[in-house]
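Please treat every number below as a calculation from the coordinates, not as lab data. Quick caveat: nothing in here was measured; it's all calculated off a predicted structure. Glycine also receives a Cβ, built like all others from the backbone with ideal geometry; neighbour counts cover every protein chain displayed.
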Amino acid sequence: MDRIIVRGGNPITGSVQVRGAKNSTLPLMAATLLAEDTCVLHNVPCLHDVFAMDKILSEMGMAIDFTGRSMTLGPNSVTSHEAPYELVRKMRASFFVLGPLLGRFGQARVSLPGGCAIGTRPVDIHLKGLESLGVNIRIDDGYVVAEGRPVGADIALDFPSVGATENLMMAASRAKGVTRLTNVAREPEIADLASFLNSLGAQISGAGTDLITILGVDELGGTEHTVIPDRIEAGTFLIAGIATGGEVTVLNATAEHLPNFVEKLREMGAEVEVHGSKIRAAATNGLKGVDVSTQPYPGFPTDLQAQIMALACVAEGATIIKENVFENRFMQVAELTRMGANIEVDGNAAVVRGVPKLSGAPVMASDLRASAALIIAGLTASDGETSISRIYHIDRGYERIEERLASLGGDIRREP
Ligand code: EPZ
């Protein structure tokens, strides 16, 4: 099993290009099921989760050519309306095929995704919304069996779930009549998906606000679309620069997609400058602990919680981190503690007391963002070597992260 070996002490310094957003690419790929003609996606990241979605769609019959960073998808050869358990269990975002299958074919058999390290991750909001669209839903042997062409309806989501907002938007795009979705997710990836669907011929307005209105259409064509930059990857690199006393400029970020995050880094005492599509972050001579509370967008992103925890480990004073989105997203705490961090967890709150230094240690990745936190901690450690196992977690969401951090001065390598 591959491991990543890190020796800390080098400042992470330089410019880096972030890749296309994983959490946009995956729903966009699923949305091509709604199209009647070829779709081309540009700026597609080479990630294990993207390969997993490719496999699921290919097994349905989608013709996919993924060359470089462009992916061409041909939906006219889709024959299967099923997403099997052995594929869905490996990647929860596979569940995003449910909405488009119903929108295009009026039928779907998709395995329930099951839980993962960060929580049970139910799909009740997805299913309740689809039933509101008149779809018949039953659970059979761990599969969602759904039948019926969606009919427009007014739906208020119980929680602004990103995936449920996306599934419902896709199902409603080819429904009969008008759908109004409220209490929806407002993440930038929602607007990217709406823009893609509208370029196919859908009639969606309000993405990014609290009310999304969708006028269902009978047919959607094909299109070309460029995936937005990955704001979570951008934030991860910025934190790595600050935590190691370096200076990182992310070249193609969209600062508006990280509103609360940029403010929080400044509150900690980091220097953060935004120049158009560039964000530059640098350590200063005194990082201090702050309070962080994860929230749906535009609040502090849960996907950057583990990374800012790693930064807080070496800040002066205490940082209180509240994880309000997932019920079990402190998997990095035990491993950071092994590296000398001082962290106390009480329910969904973690109190991080800054320590003068972290030390390298053998640690284990548990989920995608916890893995990124361990790499940041390893780069920050002032002595010892950090050996991170189970790094398949990190390959799901970061493209060759060790090579890119090494190009920024990090002493980091992958060991087979
Ligand atoms: C998306 O997951 C992202 N994944 C996650 O990124 C991200 O953390 C999350 O949104 C929140 O921003 C992709 O886009 C592929 P949710 P999703 O539905 O859609 C509960 C990463 O690291 N919930 O907004 O699954 C759920 O349990 C990944 O890149 C229900 O209770 O997230 C969670 O506590 C991790 N019932 C909360 O809502 C439902 O039907 C937020 O989940 C759906 C969700």
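Some notes on this structure:
- FRET efficiency estimate (nearest 0.05) - Cβ-Cβ, SER58 to ASP37, R0 25 angstrom: 0.85
- Computed from backbone phi, the HN-Hα couplings of the stretch 76-85 come to 6, 9, 6, 10, 9, 10, 10, 10, x, 3 Hz, rounded to whole numbers (Karplus: 6.51 cos²θ - 1.76 cosθ + 1.60, θ = phi - 60°; Gly and Pro given as x).
- Relative contact order computed over the stretch 118-215 (Cα-Cα under 8 Å; 6+ residues apart), in percent: 24 percent
- Calculated FRET efficiency for the pair VAL351/ASP383, C-beta based, R₀ 35 Å, to 0.05: 0.90
- Positive minus negative residues near ASP367 (Lys, Arg vs Asp, Glu; Cβ under 14 Å): +2
- 5 angstrom amide H check on LEU287, placed H, neighbours 5+ away: GLU316
- Percent RCO, i.e. relative contact order, over the stretch 181-262, from Cα pairs under 8 Å lying at least 6 residues apart: 24 percent
- Distance between the modelled labels on LEU215 and SER277, one decimal in nanometres: 3.2 nm (7 Å Cα→Cβ projection).
- Full extension of the chain between GLU344 and ASP141 gives 69.0 nm of extra length, using 0.36 nm per residue less the Cα-Cα distance.
- Using θ = phi - 60° and Karplus 6.51 cos²θ - 1.76 cosθ + 1.60, couplings along the stretch 372-378 (whole Hz; Gly, Pro as x): 5, 5, 5, 5, 4, 5, x
- Within the stretch 180-209: backbone nitrogen closer than 20 Å to the GLU224 label point (7 Å, Cα to C-beta): 192-202
- Cross-link partners of LYS22 among lysines (Cα-Cα below 18 Å; sequence separation of 8 or more within a chain): LYS55, LYS90
- Pairs of Cα atoms nearer than 8 Å and 6+ residues apart set the relative contact order; for the chain it is 21 percent.
- HN-Hα J in Hz across the stretch 246-254 - Karplus 6.51, -1.76, 1.60, θ = phi - 60°, x for Gly and Pro: x, 7, 10, 10, 8, 7, 10, 8, 10
- Positive-pole candidate from ILE56, ALA108, SER277, dipole of the chain, charges at beta carbon: SER277
- Proximal charge balance of ASN328 [Cβ under 15 Å; K/R count +1, D/E count -1]: -1
- Highest-first packing order for the peptide set 276-289, 189-202, 356-369 is 189-202, 356-369, 276-289, based on the mean count of other beta carbon atoms within 10 Å.
- Summarising the strand pairing of the chain, around 70 percent of its internal DSSP beta bridges are antiparallel.
- Taking amide H positions as modeled 1.01 Å from N, with prolines and chain starts lacking one, no residue 5 or more places away or on another chain lies under 5 Å from MET91.
- Within straight-line cross-link reach of LYS322, lysines at Cα separation under 16 Å, skipping those fewer than 8 residues along the same chain: LYS264
- Taken over the chain, the percentage of Cα pairs per 10 Å bin, counting from 0 up to the bin with the maximum distance, is 5, 23, 31, 24, 13, 3, 0.
- Estimated from helical segments only, the mean residue ellipticity of the chain at 222 nm is -9000 deg cm²/dmol, where each DSSP H run of four or more residues counts as -39500 (n - 2.57).
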